[in-house]
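What follows draws every value from the coordinates through simple rules; no lab data is involved. What you are looking at is a predicted structure, and each value in this text was computed from that prediction instead of being measured. Here the Cβ positions follow ideal geometry from the backbone for every residue, glycine too, while neighbour counts run over all protein chains shown.
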Amino acid sequence: MAKPSSTHKANVSDCALPSTNIDAACFQAPSHTGLTAKAPSSHPPRILLLYGSLRERSYSKLLTLEAARLLQAMGAEAKVFDPLGLPQPDAAPDTHPKVQELRDLAAWSEGMVWCSPERHGAMTGIMKSQIDWIPLSVGAVRPTQGKTLAVMEVSGGSQSFNAVNQLRILGRWMRMLTIPNQSSVAKAFLEFDEAGRMKPSAYYDRVVDVMEELVKFTLLTRDVAPYLVDRYSERKESAEALSRRVNQRTL
């Protein structure tokens, strides 16, 4: 993701700095200028959807497909990634076709939907593996930063929020803009008909709410995302130093 234009810079004079620790050349006061896109995008919002189960009748997949239909009806371009065949992280090179497919979709997207079953009180390994294959950085660029994110979960029992809470943590770690609303569908086996379509319910209405909010936040932020995630500490680093730091080998 490109760095914010220098026209967004609003420097503060040295006399106004609160500490000598501050590098005056890198310190900026946020301004409305940086939050105004010079040429707003006109293409449909690009949304990537991930789900976390390989079962033949996967309720997280069915819920994800419902979300994709809603996004398309709202004018977005929605693409659903099929995790079947994706290797475990570190079990194959990142040149693996499924890994490349996932990474290309992540780069293409302006927002994402993550939907996981809750299994043993947590998101599934299949869900986590997909997120782990999306790199935190490519060179000095973080491919997910500034993208919007909506989180959803399905459970076989009573309503829970363990999986969506974990997904929120991951979204923050990936420097994504996770929207406030979320969906948690309890006893998911009761919420879909034989054709795999979601039945009318308050749960379905909430999914509509979440997708509507995601599209709004994506339209609001996609053209100014580089400015929103621009950081003082990273402006102080050279591109080479930043690349070395964010690409440290995991122990």
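Using Cα atoms only, what is the angle between the long axis of helix 202-221 and the major principal axis of the chain, expressed in degrees (0 to 90) to the nearest 10? Orientation of helix 202-221: about 20 degrees from the principal axis. Among beta bridges identified by DSSP and lying wholly in the chain, the antiparallel ones come to about 10 percent. Each Lys or Arg adds one and each Asp or Glu takes one away; over the other residues whose Cβ falls under 14 Å from the Cβ of LEU219, this sums to -1.
Averaging Cα coordinates gives a centre for the stretch 108-149 and one for the stretch 62-82; these two points are 17 Å apart. The Cα center of the stretch 15-49 and the Cα center of the stretch 156-191 differ in position by 29 Å. Comparing ALA92, ALA76, ALA150 in a Gaussian network model of the chain where C-alpha atoms under 10 Å apart are linked, the largest mean-square fluctuation is found at ALA92.
Note on the chain: with a GNM built from Cα contacts shorter than 10 Å, the maximum mean-square fluctuation among PHE81, PHE161, PHE192 falls on PHE192. Dividing the Cα radius of gyration of the stretch 79-226 by its Kirkwood radius returns 0.97 for Rg/Rh.
Taking amide H positions as modeled 1.01 Å from N, with prolines and chain starts lacking one, the residues under 5 Å from SER184 and 5 or more places away or on another chain are GLU153.
How big is the antiparallel share of DSSP beta bridges in the stretch 66-185, given as a percent to the nearest 5?
15
For a footprinting-style exposure proxy, rank LEU105, LEU190, LEU49 by other Cβ within 10 Å, fewest first. Spell out each step's value before the answer.
Values: LEU105 18, LEU190 11, LEU49 24.
Exposure proxy ranking, most exposed first: LEU190, LEU105, LEU49.
How much length, in nm to one decimal, is gained on full extension between ALA122 and SER158, taken as 0.36 nm per residue of separation minus their Cα-Cα distance? Don't skip to the end; give the middle numbers.
Working: separation 36, 0.36 × 36 = 12.96 nm, distance 1.40 nm.
Difference between extended and current length: 11.6 nm.
Within the listed set ALA107, ALA78, ALA91, the residue fluctuating most in the Gaussian network model of the chain (springs between alpha-carbon atoms under 10 angstrom) is ALA91. Summing Lys and Arg as +1 and Asp and Glu as -1 over all other residues whose Cβ lies under 9 Å from the Cβ of ARG175 gives a net charge of +3.
How large is the dipole of the stretch 29-109 about the Cα centre if only Lys and Arg carry +1 and Asp and Glu carry -1, each at its Cβ, rounded to the nearest 20 debye?
Numbers: 9 positive and 8 negative charges, 48 e Å.
It works out to roughly 240 debye.
With each label modelled as a point 7 angstrom along the Cα→C-beta vector, the LEU220-TYR232 pair spans 2.5 nm. Modelled this way, with points 7 Å down the Cα-to-C-beta line, the labels at LYS187 and ASP132 are 3.5 nm from one another. A cut-off under 14 angstrom between Cβ atoms defines the neighbours of ASP209, and their net charge, with Lys, Arg +1 and Asp, Glu -1, is -2.
Once the Cβ-Cβ distance between ALA92 and SER42 is put in as r, and R0 is 41 Å, what FRET efficiency do you end up with, to the nearest 0.05? Write down the numbers at each step before the final one.
Details: r = 38 Å, r/R0 = 0.94.
Once rounded, the FRET efficiency stands at 0.60.
Only Cα sites of the chain enter the Debye sum here, all with the same form factor; the resulting log10 I(q)/I(0) across q = 0.10, 0.17 1/Å is -0.54, -1.28, listed in q order.
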